[in-house]
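This report concerns only the one structure given below.
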Amino acid sequence: MVAIPSKHKSLTLLAGVLLAQLLLLAVQIKRDSRGRLIRVWAISAAYPFERSGAWGFGKVRGVWTHYFALQTTERENEALRVENDALKLTISQLQSRAAEADRLAGILGFKQSHTKVPMVGGRVIAASAGTASRTIEIDRGERDGIRRNMAVITPDGAVGKVIEVYGDTSQVLLLTDKDGGAGAMLVDTRTQGPVGGTGEPLMLMKYVATEENVAVGEKIVTSGMDKIFPRDIPIGTVVEVKPGNPFKQIRVQPAARLDRLETVIVLLTQEPVEFKSENTQTGAANAAPGSQSSAPAAAEKP
Amino acid sequence: MNDTYELRGGETHIEVHKFYPGAVVFVAAAALIFQAMAPVYFPKLNILDLPLLVTIYFGLSRRNPSTGLLLGMVIGLAQDALSGPTVPLGFYGMGKTVIGYLASSIGARLDTEHPAARFALIFSFFVVHQGVLVVVRRLLLAQPEAWMNLHLVIAAAVNALLGTVLFLGLDRLRRSS
């Protein structure tokens with residue numbers, strides 16, 4: 001047997017470790033396997049910290065923000081400051097909760113205006129741990145009825161699709177990811193073409209012929225052709241159109257704030273959803289934002 | 001038992017540092033969770049690569065290429081696992097394996113305690129790490145990826161700056177001799 005000189009041992013180990021990972025990559029590509037077991041372990045280990053971190057951060061941010069908001073009031077009412085301190089703290093906490101409620105009311109209002117569409121609300125607890133992908137992790141999973149390839153939206157528009165589901169969490173591929181996208185069409189001309197991500201904040205609409213008229217500012221909605229998103233969910237707005245051969249180069253600003261997602265809605269159906277922005281402000285206080293609508297999806301069909 | 005000791009090569013004396021029990025695991029786990037959580041609330045923090053900074057730091061401090069590359073591999077694979085199914089296992093793993101090896105090899109030859117040296121090393125390692133990722137993406141995954149752009153230079157500088165400060169904090173986790 002050939003002995004490896006000690007000074008080359010680490011180099012040999014490096015080659016071995018790299019080779020092992022190369023084989024791991026090859027196996028994943030060849031079998032389209034994604035190493036689910038390792039991911040389940042990693043996600044399960046990180047989940048409690050991410051969830052408690054999200055909860056804690058929300059609390060701290062609320063108190064912090066409103067503490068400074070109250071500082072201005074404090075100066076104006078300096079004489080009353082001492083006796084009002086305790087009251088202000090209470091107000092601060094209530095304002096924090098109100099801000100949270102306002103944000104959730106948008107989700108809730110959307111849900112209430114679409115009571116016949118089965119959907120479940122979820123809180124974003126983590127994002128991709130690197131810049132190689134644009135994914136988010138939400139605190140809803142298989143136990144909440146979520147399955148792979150379900151559409152994820154906000155009241156503003158499409159967000160992405162579920163790509164991996166675990167017991168209590170799911171991973172969502174954003175439209176802006178290099179592998180993300182949706183079947184889309186221009187609202188004015190009904191011209192269809194997929195909208196895909198580039199790994200950057202803006203998306204690209206592809207395969208729109210040069211002779212088509214596309215104006216900056218034109219809205220883009222889902223076409224429903226991808227069998228993931230229902231029709232007519234806002235995707236974004238055209239912000240740049242360049243001529244090309246044979247297709248135009250169209251850059252799209254996402255309708256949903258994909259860089260600042262905190263709560264999302266997972267559609268548990270592929271049936272059409274009518275977007276009514278004026279209805280999203282309404283909401284009853286007794287409905288829980290995370291609750292699931294139970295009415296049959298077929299009733300929503302026009 | 002000695003907590004720190006010196007590597008002697010010719011006239012150079014390089015100190016090898018040890019850390020409190022669990023410090024490496026805790027710091028690596030915290031970096032990974034922070035990396036996954038921070039961009040949710042502060043999207044611009046996406047530019048940071050804390051797992052890479054941790055790999056570099058422990059590589060430079062421990063100065064053992066074998067443990068450096070193994071630590072890089074573990075951190076990289078964990079980052080792959082937390083990055084969603086579109087990032088194959090081994091993508092960050094290979095990048096951080098290489099960096100772990102290089103950092104610990106260089107750490108065994110140079111004094112890397114001075115902040116200026118650390119800034120330059122982190123900047124260089126960040127660029128090399130991105131280079132490895134681009135090679136993996138282009139050659140092994142057949143996906144398009146730009147080699148070099150302004151964003152990479154800015155990201156390298158930001159990470160180097162943060163890393164230089166962070167390393168001063170991590171130095172406190174070293175066991176005194």
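The values are calculated or read from the model by the stated rules, or taken from the named source; none is laboratory data. It should be emphasised that the depicted structure is a prediction, and the values quoted were computed from it without experimental measurement. Here the Cβ is made from the backbone with ideal geometry for all residues, glycine too, and neighbour counts use every protein chain on show.
Worth a mention:
- Of the criteria (1) at pLDDT 95 or above; (2) closer than 19 Å to A:Val17 by Cβ; (3) within 13 Å of chain A (Cβ to nearest Cβ), which one B:Gly59 fails: (1)
- On the stretch given as region A:147-183, residues that are acidic (Asp, Glu) and more than 13 Å from chain B (Cβ to nearest Cβ) total 2.
- Restricting attention to region A:23-38, the residues that are modelled with pLDDT of 75 or more and more than 7 Å from chain B (Cβ to nearest Cβ) total 3.
- Given (1) surrounded by 15 or more Cβ atoms within 10 Å (Cβ to Cβ); (2) assigned to a helix (DSSP H, G or I); (3) over 14 Å from the mean Cα position of the chain (by Cα), number of the condition B:Gly76 does not satisfy: (3)
- Long-range neighbours under 8 Å by Cβ, at least six apart or interchain, first residue at the interface with chain A (Cβ under 7 Å from one of its Cβ atoms) within region B:30-43, second in a helix (DSSP H, G or I) and polar (S, T, N, Q): B:Leu32/B:Gln79; B:Gln35/B:Gln79; B:Pro39/B:Asn46
- Scope region B:56-73; condition more than 17 Å from A:Ala42 (Cβ to Cβ), of a type outside the set (Phe, Trp, Tyr) and in a helix (DSSP H, G or I); matching residues: B:Ile56, B:Gly59, B:Leu60, B:Ser61, B:Arg62, B:Pro65, B:Ser66, B:Thr67, B:Gly68, B:Leu69, B:Leu70
- When the test is whether a residue is modelled with pLDDT under 70, under 27 Å from A:Arg140 (Cα atoms), surrounded by 14 or more Cβ atoms within 10 Å (Cβ to Cβ) and under 35 Å from the mean Cα position of the chain (by Cα), A:Ala99 passes it.
- Checked against the criterion of being at the interface with chain A (Cβ under 7 Å from one of its Cβ atoms) and over 22 Å from B:Val153 (Cβ atoms), region B:111-125 contains not a single residue that satisfies it.
- Number of residues in region A:245-269 that are touching a Leu at 6+ places or on another chain (Cβ under 7 Å) and among the acidic types (Asp, Glu) equals 0.
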